[in-house]
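Asks: I have a structure I would like to understand better, so I am pasting it below and will then ask my questions one at a time.
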Amino acid sequence: MKRAVLGAVLCAGLAGMSWAQEVRITVPYTRFVLPNGLNVIVHEDHSTPTVAVNVYYHVGSGREKPGRTGFAHLFEHIMFEGSKNVPEGKFDEWLEAAGGNNNGSTNFDRTNYFETVPSNALELALFLESDRMGYLLDAMSPKKVDGQRDVVKNERRQSYENRPYGMAFIKIVEHLYPKGHPYSWPTIGSMRDLSAASYKDVVDFFKTWYVPNNASLVIAGDVTAEAARRLVEKWFTEIPRGKPVPPVTPAAAYLNEEKRLLMEDNVQLPRLYMCWHTPPVFTGMDATNDILASVLAAGKNSRLYRRLVYELQIAQSVNAANYSGMLGSIFWIDATAREGHTLKELEAVIREELNKIKQEPPTLREVQRAVNQYEASFLARLESVEDKADILNNYYHLTGNPDFFQEDLSRYKAVDPTDVMAAAQSFLSDDRRLVLSIVPKGKKNLAATFSQEVRK
Amino acid sequence: MKRVSLLVVLMIYHALFVLGDARAQKPNRSKPPELGPPPALQLPPIQRFTLANGLEVVMMEKHQVPLVQLNLLVRAGTAHDPEGKRGLASMTAAMMNEGAGDRDALAFADAVDFLGASISVTAGMHTTTVALFTPLSKLDSALSLFGDVVLRPRFPAEELERKRLERLTALQQWHDEPRIIASNLFNKILFGPRHPYGPPVMGDERAIRSFTVDDLRSFYSLSFSPANAVLIVVGDVTRAALAPKLESLLGSWKGGPPFTKPWPPAQQVESRKIYLVDKPDAPQSVIRIGRIGVARRTEDFYAITVMNTILGGSFTSRLNNNLREQHGYSYGAGSRFNFMPLPGAFMAFSDVHAEVTDKALNEFMKELRGIASITDEELERAKNYLALSYPSEFQSVGAIAGALAEVVIYDLPDDYFNTYTSRILAVTKQEVERAARTYIDPDKIAIVVVGDRKKIEKGIASLGLGPIENLSIEDVLGKPPVIEKK
């Protein structure tokens with residue numbers, strides 16, 4: 001039955017029907033819940049003899065305690081260091097010996113763990129995931145925490161500190177969100193808090209968040225729903241349900257002023273950042289804000305690219321994006337000036353373009369172009385079982401509906417030019433935003449106006 | 001105590017929900033589950049046909065998602081840059097979709113973006129690829145734009161000025177990037193200024209300033225020709241449906257003979273030397289270690305691939321396990337052989353905490369010396385990892401097109417994909433150890449370190465690994481270009 005639905009989709013495509021209007025994107029799945037509260041989602045795709053396993057724990061850096069920033073991510077690392085029946089190092093060794101790849105990632109809202117394995121090794125992946133879900137602490141030690149603490153500190157150095165402009169994101173969230181807001185610190189955490197993380201923190205965090213009733217498991221690929229269910233029941237049923245997790249208390253993200261910051265960095269060229277608060281993922285005008293970002297900076301004909309890079313040639317690059325999160329989103333613009341140009345010049349042009357789009361809607365073609373690109377990207381994300389597994393889990397995590405593909409796409413298709421103008425008016429205001437200038441050392445004269453200096 | 005209460009909870013749940021369900025017996029966790037036999041990769045056949053003008057088409061149908069990938073592989077790239085015009089292949093490629101057919105650069109970009117398609121042109125070392133990725137529903141329109149790029153690029157002078165400025169600015173920005181500094185120096189040391197793998201692909205400031213529209217046109221007409229190209233197609237199309245479209249799109253394309261060029265041999269690294277580039281205040285040191293490896297078509301390809309997987313090609317590899325897991329010096333460490341038509345680089349790499357740069361180098365040396373002896377367990381794990389994960393690389397049209405490009409460029413047999421697994425599994429311990437002895441000589445390597453000299457030089461010197469040459473970033477990259485104000 002599931003295959004037939006997919007087959008119908010393909011036939012429509014092959015017959016040259018307009019995919020855009022006529023065909024629903026659907027990723028069929030079966031779902032069941034174990035008595036311990038673990039939500040399980042299975043999607044069959046037999047095109048390659050490969051299975052993707054994807055586990056979400058519904059906890060991210062947004063649930064960390066003050067003084068322990070970076071802990072959710074440090075914990076993610078510790079999850080690979082062995083559990084009661086999986087000696088240290090064997091998690092990766094056994095998977096590699098079976099032809100599997102694995103990794104994990106942490107963001108503000110969730111932590112995911114994923115394996116891609118040949119279909120004969122599905123049970124191994126489930127054994128490993130279940131053992132660390134059920135029995136991590138039996139094998140935990142302060143030494144393991146120390147080992148991964150050093151690794152994570154090097155991750156911070158490699159991904160942030162030793163990168164040009166690498167500290168921008170960390171400084172931006174710190175100043176964009178009110179003090180104490182769960183998004184006001186970066187997922188990577190601070191060096192001081194990473195040093196402070198203790199063995200006891202690991203125990204508490206595991207018991208609070210890493211419980212089956214706070215997890216969801218997706219299996220996508222070359223397996224039948226029945227076989228997948230049998231294996232999941234075998235390995236996960238015995239894991240006890242935990243206490244209900246503390247509810248997310250929506251924290252107000254606001255900025256009642258314009259903050260203008262300056263930071264010097266070891267860079268050749270100055271870069272300007274502008275950030276605003278926008279509504280949470282899948283609420284309000286979230287998709288409209290994505291389209292607004294595309295109209296502003298996706299492709300040669302986008303407004304900011306065209307003015308700054310193509311026509312005036314005063315910028316090397318410009319980006320715009322709406323980074324969506326459960327508690328709120330960030331609308332982000334950055335632009336790098338070319339030699340001989342200042343961030344004041346860039347800001348003046350950006351201001352003109354923002355004013356323009358607040359006063360007059362973009363053309364239908366500008367909006368349709370952005371929507372069409374989103375639509376194609378939805379197809380591209382259906383190609384691999386690991387992508388599908390992660391998206392099913394993400395949709396489940398955020399909406400309760402794993403097969404939210406068509407609904408998600410429909411949000412973009414429903415956007416019209418006046419919506420885009422309205423979004424710009426509502427969210428991109430001059431007096432509630434963060435403006436950060438990063439300039440080469442000793443060249444504050446290249447900055448936009450600033451009222452506060454921050455240190456790298 | 002905690003364990004007892006857990007058990008109680010478990011028993012209650014069993015009693016409430018799963019009692020009597022035979023499938024939910026308590027599993028045996030004392031050892032990992034036995035795996036059944038691994039599944040075989042069964043790919044659709046590689047289809048080959050030729051257009052009227054002689055253009056070869058290599059195709060694989062892939063019908064899961066209505067997408068199409070079309071890559072024209074032209075057998076000319078950076079290695080074909082004329083004397084004194086390093087970077088011309090790369091600039092020509094970058095300019096090919098800056099206006100084509102009857103559209104200028106903006107109109108062309110708008111047309112492609114509006115389809116939700118993408119068309120990119122990239123110069124590799126020996127090939128230039130025009131890549132189209134499109135939803136099937138937009139295939140006809142996308143093909144027409146693809147044809148414009150391949151057959152009718154406009155090379156407008158004002159777009160060349162834009163690209164020139166963009167690239168000169170990129171050269172400035174390289175001075176910020178320790179990894180780019182390291183790889184530029186590493187290639188320069190291994191291959192020198194005259195070998196195609198030595199200098200940066202984009203060329204230096206002088207070359208970038210020298211390119212003219214005529215240079216681009218001339219490189220284009222020498223390299224773009226049906227006799228010098230292969231078209232790779234993967235996606236939700238059939239040969240029967242596609243062949244007539246390709247014939248009408250490209251069938252009338254004419255051009256010159258294959259573009260051949262001789263290359264000077266590179267001088268192998270014959271001693272151990274350290275090149276230390278000062279990046280003041282860098283919190284990490286970027287380490288790149290290696291020598292010249294071997295060409296892709298070597299008989300030793302499979303043995304080297306297995307050997308490198310053990311050394312630094314997987315998460316559990318010796319380098320990553322040592323530098324990351326055992327010592328916490330780094331977020332990751334690894335190694336790779338750059339398999340190319342001519343012998344490419346072997347390189348071991350990591351970014352390490354500045355304070356432990358010397359200790360990390362010491363561990364690198366241990367692993368490079370030790371790889372000539374491996375265990376049976378490592379061998380089996382590496383072979384299985386490579387062989388059994390292979391099918392998962394054939395999921396997207398783009399990835400399959402990339403795999404087909406390898407078959408085309410190195411003239412591999414059409415059963416290459418289907419025999420890869422068995423060839424890897426047949427590699428013996430003796431072959432791996434011989435490959436290590438042949439291709440990894442820890443006494444004859446270049447060691448590049450980009451980091452904070454005042455913090456790391458003394459420690460590195462005390463290792464006694466060899467002479468240290470101190471360099472500045474400008475010694476490696478030259479002065480940043482001075483850009484005239486717009």
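None of the figures in this text is laboratory data; all of them are computed from the coordinates on show. Note that the structure is predicted; figures quoted are calculated from it, not measured. FYI the Cβ positions are ideal-geometry reconstructions off the backbone, even for glycines, and counts take in every protein chain you see.
Asks: Tell me the Kirkwood hydrodynamic radius of the stretch A:198-242 in angstroms, computed as one over the mean inverse distance between distinct C-alpha pairs.
Replies: Here the Kirkwood hydrodynamic radius works out to 12.4 Å.
Asks: Something else about it: Of the listed pairs A:90/B:366; A:143/B:31; A:143/A:234; B:458/B:479, which have alpha-carbon separations greater than 29 Å here?
Replies: A:143/A:234
Asks: Taking Rh as the Kirkwood radius, which is the inverse of the mean 1/r over Cα pairs, what is the Rg/Rh value for chain A?
Replies: The Rg/Rh ratio comes out at 0.99.
Asks: Measure nothing but the geometry: give the 0 to 90° angle between the long axis through the Cα atoms of A:225-236 and the longest principal axis through the Cα atoms of chain A, rounded to 10°.
Replies: In chain A, helix A:225-236 runs at an angle near 80 degrees to the longest axis.
Asks: Tell me whether the protein assembly as shown comes out rounded, prolate or oblate; compute the Cα gyration tensor, take square roots of the eigenvalues as a ≥ b ≥ c, and use a/c under 1.5 as the rounded threshold.
Replies: rounded
Asks: With a point put 7 Å past each Cα toward its Cβ, work out how far residue A:432 is from residue A:282 in nm, to one decimal.
Replies: The two pseudo-label positions are separated by 2.5 nm.
Asks: Dipole of the protein assembly as shown (Lys/Arg Cβ +1, Asp/Glu Cβ -1, origin at the Cα centre): which of A:167, A:327, A:54 lies farthest to the positive side?
Replies: Checking the options against the dipole of the protein assembly as shown, the answer is A:167.
Asks: Counting other beta carbons within 10 Å of each Cβ, put A:302, A:324, A:198, B:210 in order, fewest first.
Replies: A:198, B:210, A:324, A:302
Asks: Describe numerically, in nm with one decimal, the distance between label points set 7 Å from Cα along Cα→Cβ at residue A:422 and at residue B:267.
Replies: Those two pseudo-labels are separated by 7.1 nm.
Asks: I need to check one value: relative contact order of the stretch B:141-257, counting alpha carbon pairs closer than 8 Å and at least 6 residues apart, in percent.
Replies: Here the relative contact order equals 31 percent.
Asks: Same structure, new question: Kindly provide the helix-only [θ] at 222 nm of the protein assembly as shown, computed as the sum of -39,500 (n - 2.57) over DSSP H runs of four or more divided by all residues, to the nearest 500 deg cm²/dmol?
Replies: Calculated from helices alone, the mean residue ellipticity at 222 nm is -12000 deg cm²/dmol.
Asks: Which residues' amide hydrogens lie under 5 Å from the amide hydrogen of residue B:452, considering only partners 5 or more residues apart or on another chain, with H built in the peptide plane?
Replies: B:279, B:282
Asks: Under the 0.36 nm per residue contour assumption, what length would be gained going from the current alpha-carbon distance of residue B:213 and residue B:463 to full extension?
Replies: Gain on extension, residue B:213 to residue B:463, equals 84.8 nm.
Asks: Mind giving me the FRET efficiency for residue A:243 and residue A:191? R0 is 35 Å, r the Cβ-Cβ distance, nearest 0.05 is fine.
Replies: 0.65
Asks: With r as the distance between the Cβ atoms of residue A:365 and residue B:157 and R0 = 22 Å, compute the FRET efficiency 1/(1 + (r/R0)^6) and round to 0.05.
Replies: 0.20
Asks: Compute the angle between helix A:122-135 and the longest alpha-carbon principal axis of chain A, please, reported from 0 to 90 degrees and rounded to the nearest 10.
Replies: 80
Asks: Sticking with this one: Skipping prolines and chain starts, which residues have an amide H placed within reach, meaning under 5 Å, of the one on residue B:237, given they are 5 or more residues away or on another chain?
Replies: B:62
Asks: In terms of Cα to Cα distance under 15 Å, which aspartates and glutamates are near enough to residue B:429, apart from those fewer than 8 places away along the same chain?
Replies: Within the straight-line limit of under 15 Å, residue B:429 reaches these aspartates and glutamates: B:300, B:376, B:377, B:378, B:380.
Asks: Can you compute the FRET efficiency between residue A:88 and residue B:26 using 1/(1 + (r/R0)^6), with r the Cβ-Cβ distance and R0 = 22 Å? Round to the nearest 0.05.
Replies: Efficiency, from the Cβ-Cβ distance: 0.35.
Asks: Mind sorting A:216, A:195 by how few other Cβ atoms lie within 10 Å of their own Cβ, fewest first?
Replies: In order of increasing Cβ crowding within 10 Å: A:195, A:216.
Asks: Residue B:238 versus residue B:416, label points 7 Å from Cα toward the beta carbon: distance in nm?
Replies: So the label points at residue B:238 and residue B:416 sit 2.8 nm apart.
Asks: Among B:405, A:32, B:471, whose Cα projects farthest towards the positive end of the dipole of the protein assembly as shown, with charges put on the beta-carbon of Lys, Arg (+1) and Asp, Glu (-1)?
Replies: B:471
Asks: Relative to the Cα centre, what is the charge dipole magnitude of the stretch B:118-273, using +1 at the beta carbon of each Lys and Arg, -1 at the beta carbon of each Asp and Glu, and rounding to the nearest 20 debye?
Replies: 340
Asks: Here's something else I'd like to know. Too long at a 24 Å Cα-Cα cut-off: which of A:388/B:62; A:153/B:279; A:456/B:163; A:179/A:344; B:85/B:279; A:358/A:413?
Replies: A:456/B:163; A:179/A:344; B:85/B:279
Asks: Now, a different point. In sequence order, what are the phi-derived ³J(HN,Hα) couplings for the stretch A:28-44 according to the Karplus relation 6.51 cos²θ - 1.76 cosθ + 1.60 with θ = phi - 60°, rounded to whole Hz, with x for glycine and proline?
Replies: With coefficients 6.51, -1.76 and 1.60, one gets x, 8, 10, 9, 8, 10, 6, x, 7, x, 5, 8, 10, 10, 10, 10, 8 Hz.
Asks: Alpha carbon centre of the stretch A:94-126 versus the stretch A:155-207: separation in Å?
Replies: 25
Asks: Fully extended, how many nm does the chain gain between residue B:375 and residue B:434 (0.36 nm per residue separation, minus their Cα-Cα distance)?
Replies: 19.9 nm
Asks: Follow-up. Would you work out which of B:119, B:74, B:146 lies farthest towards the positive end of the dipole of the stretch B:39-162, given +1 charges on the beta-carbon of Lys and Arg and -1 on that of Asp and Glu, about the Cα centre?
Replies: B:74
Asks: Would you order A:408, B:414, B:113 from fewest to most other beta-carbon atoms within 10 Å of each residue's own beta-carbon?
Replies: Listing A:408, B:414, B:113 from fewest to most nearby Cβ atoms yields B:414, A:408, B:113.
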